[in-house]
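Presented below is the structure to which this report refers.
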Amino acid sequence: MKMIGSIKEVVAERFSGFSRKIGFSKLSKREKGVVGGGSLLVLIILIYVLLISPFSKRIARLEELINAEKVELREMMILKEQYRQAQDRAKKIKPLPPKFSFLSHLETLARQSNVKIDSIRPGSTETSGSYKETLIDVKIEKITLDQLVEFLYKIEIFGDYPLKVKKIHIKPTYKNPQYLEVSFQIVSLQPA
């Protein structure tokens, strides 16, 4: 208790000397209250401006970064699942028979769909990793929409071999809009 008392005396003595220098002791009780309240307000504002505001801005910025990272993590999880599904599909790809010809296979599917193919051109073949991608360009100048849908269905879904339509361009014929001019690119993915 003696130590606390002596600290109070030291602080009071120092403060009284300071208050005499600035003229604080000459003020009335009400004026001292206003100056004390103003000083307290300035102290609170300084604490807010120098300590609380920067930390709250930093916390808000970090929360924004966390939310952005959560969104990115969700997207990566979706991509991971799509990649896993693509790997599973790739493992199920049947190897082509040794004497398989995409051109004759497409001709067979066209006959089954009552479609007359005007031109088939083998495109480029690219090897990427352990898979080989083969492109085939097909052009049909007179086909109905029903025939086209059936032909594309047989190429992509009904067929025994992994073929997909990569690009397609469709426009009605000038003389008879019931018929379409179609050009498309088929891609086949096979183990290299």
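Some notes on this structure:
- The strands (runs of 3 or more DSSP E) found entirely in segment 73-172 that carry 3 or more residues being polar (S, T, N, Q) are 119-128.
- Options Ala86, Ala60, Ala90: the member that is outside the structural domain of Pro162 (by TED's automatic domain parsing) and touching a Leu at 6+ places or on another chain (Cβ under 8 Å): Ala90
- Residue within segment 173-187 that is buried (at least 16 other Cβ atoms within 10 Å of the Cβ), closer than 17 Å to His105 by Cα and either out of contact with any Leu (no Cβ under 7 Å at 6 or more places or on another chain) or among the aromatic types (Phe, Trp, Tyr) (or both) present: yes
Here's the yes/no breakdown for (1) of a type in the set (Ser, Thr, Tyr); (2) under 30 Å from Lys142 (Cα atoms); (3) surrounded by 10 or more Cβ atoms within 10 Å (Cβ to Cβ):
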| site | (1), (2), (3) |
| --- | --- |
| Ile45 | no, no, yes |
| Glu72 | no, no, yes |
| Lys91 | no, no, no |
| Ser104 | yes, yes, yes |
| Leu109 | no, yes, yes |
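- Ala110 vs. criteria under 30 Å from Tyr179 (Cβ atoms), among the small types (Gly, Ala, Ser) and either touching a helix residue (DSSP H, G or I) at 6+ places or on another chain (Cβ under 8 Å) or not assigned by TED's automatic domain parsing to the domain that holds Leu152 (or both): yes
- Selection of segment 145-187 for residues being out of contact with any Ser or Thr (no Cβ under 9 Å at 6 or more places or on another chain), closer than 23 Å to Pro122 by Cα and of a type in the set (Asp, Glu) yields Glu156, Asp160.
- Matching residues in segment 125-146 - criterion: being under 31 Å from the mean Cα position of the chain (by Cα) and of a type outside the set (Val, Ile, Thr): Glu126, Ser128, Gly129, Ser130, Tyr131, Lys132, Glu133, Leu135
The values are calculated or read from the model by the stated rules, or taken from the named source; none is laboratory data. Worth saying up front: this structure is predicted, and the values here are computed from it rather than measured. Note: ideal-geometry Cβ built from the backbone for every residue, glycine included; neighbour counts use all protein chains shown.
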